[in-house]
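**Q** Here you go, one structure.
The values are calculated or read from the model by the stated rules, or taken from the named source; none is laboratory data. As the structure is a computational prediction, the values presented were derived from the model and not from experiment. The area values use the complete protein model at the heavy-atom level, side chains included, leaving out ligands, DNA and RNA. Shrake-Rupley method; radii C 1.70, N 1.55, O 1.52, S 1.80 Å.
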Amino acid sequence: MDFSKIEETRPEKPTDEEQMVFHYNREERLKHAPEIVQDYYSGKFKPYKGGIFRSLVNTKANRLLFVTIIFAFGIIYFVNYFGPQKSSGSLSGVDVNLSAFSYGNSVYASLCVKDAAKKKISEFADGTLVSAHFTAYDKDNAVLLEEKISGKYDGKEMFLRTTFSDYDIIKVTVVCSMRESYSSLETQVEKR
């Protein structure tokens with residue numbers, strides 16, 4: 001097959017018989033356009049002016065999504081506010097609470113072992129050993145200081161306290177034990 005006689009391109013300047021003519025008529029184009037385009041060009045089109053709340057409740061699906069988001073935020077807030085705290089716990093059926101505050105150049109940490117329930121006081125009457133291992137942390141979660149303290153618990157409220165020199169301590173943890181029970185508590189240092 002001979003391809004030499006096939007013209008592959010057109011000449012740069014078209015001849016008169018090949019000259020293309022384009023006609024553009026705006027009215028004719030708009031006559032065949034959708035109604036929304038016709039309204040836009042005629043000035044009848046009103047853009048949506050709803051606002052953020054109206055757009056959230058505009059359709060049934062949007063309302064369902066909005067209510068779901070509100071419900072999820074409510075659950076998260078409820079759990080964070082009313083849920084268990086890291087600074088409280090239980091040790092052999094007795095409530096314990098850890099607190100720490102900074103005053104001057106020292107951080108004071110205190111573990112409070114609450115009163116035992118009336119029916120359990122007899123179990124602790126002869127005194128039970130309570131030991132606490134306090135650990136102080138800085139902002140990088142590095143251990144700065146540690147201290148072990150112990151005392152005898154007789155069923156009445158008891159405190160185990162320690163003092164740390166303030167080397168930018170922001171968090172104090174304690175691992176406490178009584179009999180066969182262990183509890184790990186954590187609290188942020190309050191600035192006073």
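**Q** Karplus couplings for segment 183-188 from phi (6.51 cos²θ - 1.76 cosθ + 1.60, θ = phi - 60°), rounded to Hz, Gly and Pro as x?
**A** For segment 183-188, the Karplus-derived couplings read 8, 10, 10, 9, 8, 7 Hz, x marking Gly and Pro.
**Q** Find the relative contact order for the chain and round it to a whole percent, using C-alpha pairs within less than 8 Å whose residues are 6+ positions apart.
**A** Relative contact order, the chain: 19 percent.
**Q** A further question follows. Step through the residues of segment 158-173 one at a time and calculate ³J(HN,Hα) from phi using the Karplus curve (6.51 cos²θ - 1.76 cosθ + 1.60, θ = phi - 60°), rounding each to whole Hz and writing x for Gly and Pro.
**A** Each residue's phi maps through the Karplus curve to give 9, 10, 10, 10, 8, 10, 10, 6, 6, 10, 6, 6, 10, 9, 10, 10 Hz.
**Q** Next up: Antiparallel as a % of all DSSP beta bridges within the chain, to the nearest 5?
**A** Looking only at bridges with both residues in the chain, the antiparallel portion is about 95 percent.
**Q** If you build a Gaussian network model of the chain, linking Cα atoms that sit under 10 Å apart, which residue out of 98, 129, 111 swings the most?
**A** Most flexible of the set in this elastic network: 129.
**Q** Going by alpha carbons, how many degrees (0 to 90, nearest 10) lie between the helix axis of 60-82 and the longest principal axis of the chain?
**A** Tilt of helix 60-82: around 20 degrees.
**Q** Now for a different question. Once you have all Cα-Cα distances for segment 135-181, histogram them in 5 Å bins from zero and send the whole-percent values.
**A** In order of increasing distance, the bins hold 5, 17, 26, 19, 15, 10, 8, 1 percent.
**Q** Hey, what's segment 89-189 come to in accessible area per residue, 1.4 Å probe, Å²?
**A** Counting only protein heavy atoms, the per-residue value for segment 89-189 is 56 Å².
**Q** Leaving out same-chain residues fewer than 8 places away, which lysines sit with a Cα under 22 Å from that of residue 118?
**A** Result set, ordered by chain and number: 152, 156.
**Q** Note down, for the chain, the three equivalent ellipsoid semi-axes (square root of 5 times each alpha carbon gyration tensor eigenvalue), biggest first, whole angstrom.
**A** Listed largest to smallest, the semi-axes of the chain are 81, 27, 18 Å.
**Q** Using bins 5 angstrom wide from zero, how does P(r) for segment 68-166 break down, in % of all Cα pairs?
**A** 2, 10, 17, 17, 14, 13, 11, 8, 5, 2, 0, 0
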